[in-house]
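I have placed the structure first, in the form of structure tokens, so that the comments after it can refer back to it.
The values are calculated or read from the model by the stated rules, or taken from the named source; none is laboratory data. Here the structure is a predicted model, which is why all the values come from computation and not from measurement. A quick note on method: Cβ atoms are made from the backbone with ideal geometry, for glycine too, and the neighbour counts reach across all protein chains shown. Only protein heavy atoms, including side chains, enter the accessible area calculation; ligands, DNA and RNA are left aside. Shrake-Rupley method; radii C 1.70, N 1.55, O 1.52, S 1.80 Å.
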Amino acid sequence: MTAFEIDARQVPFNNGDNILKAALNAGVEIPHFCYHHALGSLGACRLCAVEVKPEQPEQRPRVVMACMEPARAGLKVSVAAPAALRARQGVIEFLMTNHPHDCPVCDEGGECHLQDMTVACGPPYRRYRGRKRTFINQDLGPLVHHEMNRCITCYRCTRYYQQYALGTDLGAMRLRNEVYFGRFQDGPLESPFAGNLVEVCPTGVFTDKVFRSRFARVWDLDTAPSICPHCSVGCNTLPGARLGTLRRVRNRDHAELNRWFLCDRGRFGHQYTEHPERPWQARVRGQTVNYSDALGAALDQLQRAGAAVAGVGSPREDLESNALLQRLIIRHGGFFAAFTDPGIEAATAHAVRYINRMGTPTLAAMEHADAILVAGELTAVAPMMDLGVRQASRNKAKVGVIHHVADPLATLADYDIRLAPRQTSVALKRLQGMIATTAEQSSGDEHGLAQLAATLMHAQHPLLIGVVETLGAYGVAALAKLAQSLGGQAALAYALPGPNAYGAAIVNEDGATQKVLEAVETGKVRCLVVTAADPLGDTRTGWRWREAVGRLDSLIVMDCVDSATVRAADILIPTAAWAERSGYFINYEGRVQCFDRVFERDKPLPASVAVIADLANALDLGAGEPRVAIADLLPGIALPLAGEPGIRLTPRVRLDVPPPIESVAGATGHWQVGLASWYGDDPLADHAAALSSLAPASTATIAPDTARIAELATDARVMLRGPAGSLPLPLCIDANVAEDTVALPRSAMCQIGVGHGGYVELEAMP
Amino acid sequence: MAEQPNQNDIHPTERIKKDRAAIVEVMMELQAKRGFLDDQDVIEAARRTGLSPTEVEELASFYTLIYRRPVGRRVLLVCDSVCCAMNGSERLLNTLERRLGIALGEVSRDGAVTVLPSICLGLCDRAPAALLNGEALGPLDDARLDALLLELKRSR
Ligand code: SF4
Ligand code: SF4
Ligand code: FES
Ligand code: FES
């Protein structure tokens, strides 16, 4: 039997487990500091001392480190043995010689591992009266606060930061009693996963700087199980609120998704809920009104418009709002779309169908791939998928990245393939060709594609990950075909554009976005209802929406952040942010997850779904029950509760996917536009003060070779021209950008009216 | 110093694949200029090896023979690991501080010498042991210590 005994309790274990790991898995507490499930054992802190009973009569009991001692059947372990107790007490007493007496002013207090362990194992009072070692703290940027004096040298931080997250700008410096955990010099931590230091460090060395600016003791926080609203991964979180404001977000374990960690967008993006420009007051044509007046005005407009109405839902809005708005609008005789850009709609719809047909791996499963191809800038779109790829890479997976701008993953990749946006699907097709006809290897191996093809072909568990927004429908299909050509063992995953993009795709009908946009453009729509979307701020289609909404009688907007669309609204109904309401998102795996309401504001705002239900009921459309709308959409699914691991949708329909046609419209200039994104780039997190202060500067970035050919100097300013207008930007030259590509941030793309892969004219300014 | 290609022209992957193992030699070479590494030298070592400045600092601040501050013309490394500690390294260090008039890590006023504690020098058979610019000394009993101090004074 594979079990051993801890103080008369039977503890099961897996082969290769150490005593500590098996004990913690079985819910048996053994004090420890340096051991961490994700980081393994180090044997550095010596707190996990336990006594092992002699197996032979002539032997004596031994005190061992539970994290270093392999679990064996028949082992008899005691945590309570006096010798082990004394050893642990000694360790704590030593650690406390240098630790400051600052629990009352320490942010970690109340959830501090050191505090808990000291109370649990330490001596009751302090004998040491000497000087304490002190350090100078560093400014680590706006997200993480540093207080080095509290360090107990467990090395969890650097093991996490360097070995797990593969960051290079935080390290362990100096030696002896002066080991210092920090950066070479002051400056913001560079890793998109830096915030996890706050939870990894067992003391108050690294704490949440955003939370610190509006601090509350952990026991005073209102919390509830939630889901991150910032991307399609759907990491599980535990937001904390106090006195009607949201203060912080912590990780909440999900065994198949995020487990111990979050990305910094997920951890610090929540500040959007406290943004000063957040819409709080309902408005009708510039006048501040109360909710019922705004609702009345909206009803009036809907009634007047008759069937000439349209509704726009959103991949960042919950399932019930999308489903209910669709019902309301369709029953009213109008058009509904859950997207604002037909290109994104098509790409998402295709991705969802391929996932539906071919299945997709959990985040945890991605770590076991032995060859990975990432098509697109994954870190910027679904950061925790990037962290999964990093684990696979640590497990010796070969990683190939096809990207068009500087990309954190590409710097770690074995195959770093830089291609202009429109070359990506060409390369994917070429890879597929190489795999289909193994012979076609050597015929001019551009960009190391042949090696990558061979690696994927010979892998046991190849994994292909595509970024839907930049791949477009054509690239999405090309990636799926590539996966199919690799045979049954290949796994396929897509980073979808939004926390509920999957849900939006199943509510949406094919081609609906184009229909709605055209109907608005041709004046067929008098009243447009938009919930949690910013059509006017779109990159590719924003300028068309901006022109088209001029033809409406009324634009009704519900949202919880400021946007171009909110500012253009005739009737604005501010809605609750995700933590102020409950709802459902469907993540990239097709997993339906529920997030609970965490807190209520002094003046609560309604959830979008409640507003839509009020409208539907007042219009007597019989569409007003969110649960019914979801039940119709997902027949036979028992919806999960908040805190549960969620329910993965099994393929309901075996849809044949019509191959998308690549559009080449809009070719006006020589330069292909590539989206320059970063890990904080998200319609909600853009409004998070601390996080967005780290956003890269707005520049037009091109490759050195391209700059040479175009005779552009480093310090030049350039004028960009697109269908919606022109924009001057400083030029930046960067070897990480693909040739013939100009990388632009989203806001610049929106102003000139081009999407990723579109063309612009660019010229040097005098 | 060899001509370095422009940072922007080297692709990151190639940079990372450059031999990181050269770091100790690179630090030694940079240190040879002035006897220690300043912040610019750390950045330069990072640039040459593909390590990050933090990774270079981890090594620079760990290795006893790399100095991040100015040191004297001669550096006396006094072992304070187990064998030497049992054989009086603490007294030795105190005596050196007192008789040279400098604290550990400081440069004597004439720039001649810096005394630093060190982990085991591999001279445990000669405990308490020390290393003077690479030359092994020990066991440093009172007589040998006097001779050493005399020599340090003469070489000033
Ligand atoms: S900073 Fe925190 S995590 Fe890092 S070694 Fe010190 S106590 Fe451990
Ligand atoms: S990866 Fe996505 S879901 Fe997970 S924490 Fe980051 S933004 Fe949130
Ligand atoms: S947890 Fe075992 S030594 Fe630290
Ligand atoms: S202990 Fe001093 S040289 Fe080894």
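List of remarks:
- Residue check, A:Val91 in contact with a strand residue (DSSP E or B) (Cβ under 8 Å, 6 or more places away or on another chain), away from ligand 3 (no atom under 11 Å from the Cβ), open to solvent by 10 Å² or more (accessible area, probe 1.4 Å) and of a type in the set (Val, Ile, Thr): no
- Some residue of segment A:154-161 being of a type in the set (Lys, Arg), touching a residue at least 24 places away in the same chain (Cβ under 8 Å) and either open to solvent by less than 30 Å² (accessible area, probe 1.4 Å) or within 16 Å of ligand 3 (Cβ to nearest atom) (or both): yes
- Only strands (runs of 3 or more DSSP E) whose full extent lies in segment A:56-158 are considered here, and the ones with at least 2 residues that are away from ligand 2 (no atom under 16 Å from the Cβ) and among the aliphatic types (A, V, I, L, M) are A:62-65.
- Count of segment A:151-167 residues which are closer than 12 Å to A:Phe193 by Cα and either in contact with a Lys or Arg (Cβ under 6 Å, 6 or more places away or on another chain) or within 12 Å of another protein chain (Cβ to nearest Cβ) (or both): 4
- Within segment A:169-183, the set of residues being assigned to a loop (DSSP other than H, G, I, E, B), open to solvent by 20 Å² or more (accessible area, probe 1.4 Å) and either free of Cβ contacts under 8 Å to residues at least 40 places away in the same chain or more than 9 Å from every other protein chain (Cβ to nearest Cβ) (or both) comprises A:Arg174, A:Leu175.
- Residue match in segment B:82-103 (condition: within 13 Å of chain A (Cβ to nearest Cβ) and either of a type outside the set (Gly, Ala, Ser) or under 30 Å from A:Leu170 (Cβ atoms) (or both)): no
- Of the residues in segment A:287-298, at least one is in a loop (DSSP other than H, G, I, E, B) and more than 16 Å from ligand 3 (Cβ to nearest atom).
Yes/no per residue for (1) surrounded by fewer than 24 Cβ atoms within 10 Å (Cβ to Cβ); (2) within 13 Å of A:Pro315 (Cβ to Cβ); (3) aliphatic (A, V, I, L, M); (4) free of Cβ contacts under 8 Å to residues at least 60 places away in the same chain:
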position	(1), (2), (3), (4)
A:Pro342	yes, no, no, no
A:Thr348	no, yes, no, no
A:Val352	no, yes, yes, no
A:Ala364	yes, no, yes, no
A:Ile372	no, no, yes, no
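- Subset of segment A:41-62 (residues that are within 16 Å of ligand 3 (Cβ to nearest atom) and open to solvent by 20 Å² or more (accessible area, probe 1.4 Å)): A:Ser41, A:Leu42, A:Ala44, A:Arg46, A:Glu51, A:Arg62
- Within segment A:225-243, if we keep just the residues that are open to solvent by less than 10 Å² (accessible area, probe 1.4 Å) and more than 14 Å from ligand 2 (Cβ to nearest atom), the residue that is nearest to the other protein chains (Cβ to nearest Cβ) turns out to be A:Gly240.
- Test result for A:Gln593, crowded, with 24+ Cβ neighbours inside 10 Å and either modelled with pLDDT of 95 or more or over 28 Å from the mean Cα position of the chain (by Cα) (or both): yes
- Residue that is more than 16 Å from ligand 3 (Cβ to nearest atom), among the β-branched types (Val, Ile, Thr), farther than 15 Å from A:Leu143 by Cβ and in contact (Cβ under 8 Å) with a residue 40 or more places away in the chain, where the choices are A:Thr245, A:Thr237: A:Thr245
- Single residue of A:Thr288, A:Thr273, A:Thr340 found to be more than 16 Å from ligand 4 (Cβ to nearest atom) and either basic (Lys, Arg) or within 18 Å of A:Trp545 (Cβ to Cβ) (or both): A:Thr340
- Leading residue by the ranking (nearest to A:Leu175 (Cα to Cα)) among those in segment B:115-141 that are of a type in the set (A, V, I, L, M, F, W, C) and within 14 Å of chain A (Cβ to nearest Cβ): B:Ile119
- Any hit, segment A:263-273, residues being within 16 Å of ligand 1 (Cβ to nearest atom), closer than 22 Å to A:Asn500 by Cα and in contact (Cβ under 8 Å) with a residue 60 or more places away in the chain: no
- B:Thr54 passes every criterion in (1) open to solvent by 20 Å² or more (accessible area, probe 1.4 Å); (2) in contact with a Phe, Trp or Tyr (Cβ under 6 Å, 6 or more places away or on another chain) apart from (1).
- Verdict on A:Val210 being surrounded by 22 or more Cβ atoms within 10 Å (Cβ to Cβ) and either within 16 Å of ligand 1 (Cβ to nearest atom) or within 14 Å of chain B (Cβ to nearest Cβ) (or both): no
- Residue list for segment B:11-50, filter: open to solvent by 30 Å² or more (accessible area, probe 1.4 Å), modelled with pLDDT under 95 and within 12 Å of another protein chain (Cβ to nearest Cβ): B:Glu14, B:Arg15, B:Ile16, B:Lys17, B:Arg20
- Which listed residue, of A:Lys429, A:Lys396, is basic (Lys, Arg) and either in a loop (DSSP other than H, G, I, E, B) or buried (at least 22 other Cβ atoms within 10 Å of the Cβ) (or both): A:Lys396
- Within segment B:120-138, considering residues that are near ligand 4 (Cβ under 10 Å from one of its atoms) and in a loop (DSSP other than H, G, I, E, B), the one farthest from B:Val82 (Cα to Cα): B:Gly138
- Every test in (1) open to solvent by 10 Å² or more (accessible area, probe 1.4 Å); (2) more than 26 Å from the chain's Cα centre (by Cα) is passed by A:His368 save one, and that test is (2).
- Verdict on A:Gly487 being assigned to a loop (DSSP other than H, G, I, E, B), at pLDDT below 95 and surrounded by fewer than 24 Cβ atoms within 10 Å (Cβ to Cβ): yes
- Hits in segment A:615-641 (condition: open to solvent by less than 60 Å² (accessible area, probe 1.4 Å), outside any loop (DSSP other than H, G, I, E, B) and within 14 Å of A:Ser321 (Cα to Cα)): A:Leu615, A:Ala616, A:Pro626, A:Ala629, A:Ile630, A:Ala631, A:Leu633
- Unmet requirement for A:Lys21, which otherwise passes all of (1) surrounded by fewer than 17 Cβ atoms within 10 Å (Cβ to Cβ); (2) assigned to a helix (DSSP H, G or I); (3) among the charged types (D, E, K, R): (1)
- Output for segment B:65-119, where each listed residue is farther than 30 Å from B:Val26 by Cα, open to solvent by 40 Å² or more (accessible area, probe 1.4 Å) and either in a helix (DSSP H, G or I) or among the basic types (Lys, Arg) (or both): B:Val82, B:Cys83, B:Ala85, B:Met86, B:Glu90, B:Arg91, B:Asn94, B:Glu97, B:Arg98, B:Arg99
- Selection count, segment B:77-95, where residues are at positive phi and free of Cβ contacts under 8 Å to residues at least 12 places away in the same chain: 0
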